[in-house]
Each structure stands twice: as structure tokens, then as C-alpha cells.
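The values are calculated or read from the model by the stated rules, or taken from the named source; none is laboratory data. Just so we're clear, the structure is a prediction, and the values are computed from it rather than from any experiment. As a convention, Cβ positions derive from the backbone with ideal geometry for all residues, glycine included, and neighbour counts pool all protein chains shown. Heavy atoms of the whole protein, side chains included, go into the accessibility calculation; ligands, DNA and RNA do not. Shrake-Rupley method; radii C 1.70, N 1.55, O 1.52, S 1.80 Å.
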Amino acid sequence: MYQIAIVLFDEFTDVDFFLMRDIFGRSDKDWQVRVLGTKASHTSTLGIEVQTDGHIAQANAADAVLFVSGYKGVPAVLDDPEFMGAFRLDPERQLIGSICAGSFILYRLGLLVGRKLTTHPDAKPSLEAMGATVEDQALVVDGNIATAGGCLSSLYLTGWIAERLCGEAKRREIHRQLLPAGQAEMFDEIISSSIQSAIVS
């Protein structure tokens, strides 16, 4: 069974975490999802407390690792030696992804240096100032690392993880109940084409 880690911290963006956690929670036979943090619980930007399943260092052994976002939370963890020093991620054996400003964490960890990436448009100038090459795309996949820009691009990020781990049918399974009535075929095409066009050649 695959291990998927979602890395959390205080002042995380609610929808970025809860949407990914909900989507991956729609299957329990192919993977186990663990929410990791530096404390027993972390509180979102809107004040919702989420219990964690273990320390962030456990992400180093996961098959897939996903970083959430947060316009207050991300700057705080970038300056937190305990947080930044805990990771020994390996894109040769792990799938690694981020949503919105979570790409700042991946970039600071050295995982995105020399790679194409994306983030939320509001965060783009700051990331470019750090030296990053930021694309105006909802999803960018460079090797085993995927970055997504915009909260709803979680559909593409989770879909990429599901397809890489278990195939296209699995992606359709976990997304099926999320898609608007009468628009499932249209959304499926958008998700599929977005994932395919996101891959850096």
C-alpha cells in the first residue's frame, strides 16, 4: 500500500488542505494518507484545528509528499529551522508536489532549482525574485515533482498523483463524486488534458 504524506503547518490555507485530504480520502485500498506536522495539531487560516498523524520527518519515507499553502504559514515555516531541516526528500524515488505557495518550500529545499514550476499568480513575483522560472500554468510536472497554481488545481495535482501511482482509472474514481452534474465528461477532459500538457518535455 502506498503512503501519501500531506505536510501541514499553522496558518495553512483551508481549501488547499481539505480538498486534497478529501480527494485522497475517497480511496482506502491503494494508499494510506498521513497528515504530518511539527505539532500534534495545526490551525488553519480560518481557525480550524487539524490533528496530525506524525512528525514531518516521516515524509522522507513516503511514496508521495504534498505541501499545502498559506500566505502567512509559508513565510513562517521558511524561517523555521526545525521545519526546513527535517526534510530529506528524494525525487528519484518519491512523487513530490505542492499547491500554490507551497512551491516556495520546495524551491527553498533545492528541489525546484533549475526546474520549471508554477504557483499562485499572486505569489509569482516573489518566487521569481528568488530565481525561479515560473510558468503561467495550473500544473507543471518536471520529472517526479509537480507544482500547482490556484486552489482548484488540486484536481490536477491529486489526479497526477493517482495516475502515477495507480493509473488513469484510479484518478477517475477519486474525482467522480466531485464533478458537477451534467459536466463530468467536460471536467474529465479538462483534468486529463491539463495533466498531460503539464509534463515538461
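Sparse packing (at most 16 other Cβ atoms within 10 Å of the Cβ) combined with a DSSP loop state is found for the following trypsin sites (Lys or Arg not before Pro) in segment 1-95: R26, K29, K39, K72, R88, R93.
Semi-axes of the equivalent ellipsoid for segment 75-125, please: Cα gyration tensor eigenvalues, times 5, square-rooted, ordered largest first, whole Å. Kindly include the intermediate steps, with their values, before the conclusion.
Values: eigenvalues 62, 50, 15 Å².
Equivalent ellipsoid semi-axes, largest first: 18, 16, 9 Å.
Which residue fluctuates most in the GNM of the chain (Cα springs below 10 Å): S154, S98, S44? In this elastic network of the chain, the residue with the biggest mean-square fluctuation among S154, S98, S44 is S44.
Cα-based radius of gyration for the chain, normalised by 2.2 N^0.38 Å, reads 0.94.
Projected over all directions and averaged, the alpha-carbon convex hull of segment 13-82 occupies 4.9 nm².
Residues of segment 77-166: accessible area per residue at 1.4 Å, in Å²?
Values: 3570 Å² over 90 residues.
It amounts to 40 Å² per residue over segment 77-166.
Summarise the accessible area of the chain (1.4 Å probe, protein heavy atoms) by the percent that is carbon and sulfur. With neighbouring chains kept in place, the figure for the chain is 49 percent.
Please report how many Lys pairs in the chain have alpha carbons closer than 22 angstrom, counting only residues at least 8 apart along the chain or sitting on separate chains.
Values: K29/K170; K39/K72; K72/K124; K116/K124.
Taking the chain as the scope, the lysine pair count is 4.
Sorted into 10 angstrom bins from 0, the C-alpha pair distances of segment 127-167 split as 27, 51, 19, 3 percent.
Debye-formula intensities of segment 81-186, expressed as log10 I(q)/I(0) at q = 0.19, 0.22 Å⁻¹, are -0.96, -1.16 (one equal scatterer per alpha-carbon, no solvent). Based on Cα atoms of segment 43-120, Rg over Rh with Rh as the Kirkwood radius reads 0.94.
Among 106-116, 124-134, sorting by the average number of other beta carbon atoms lying within 10 angstrom of each residue, highest first, gives 106-116, 124-134.
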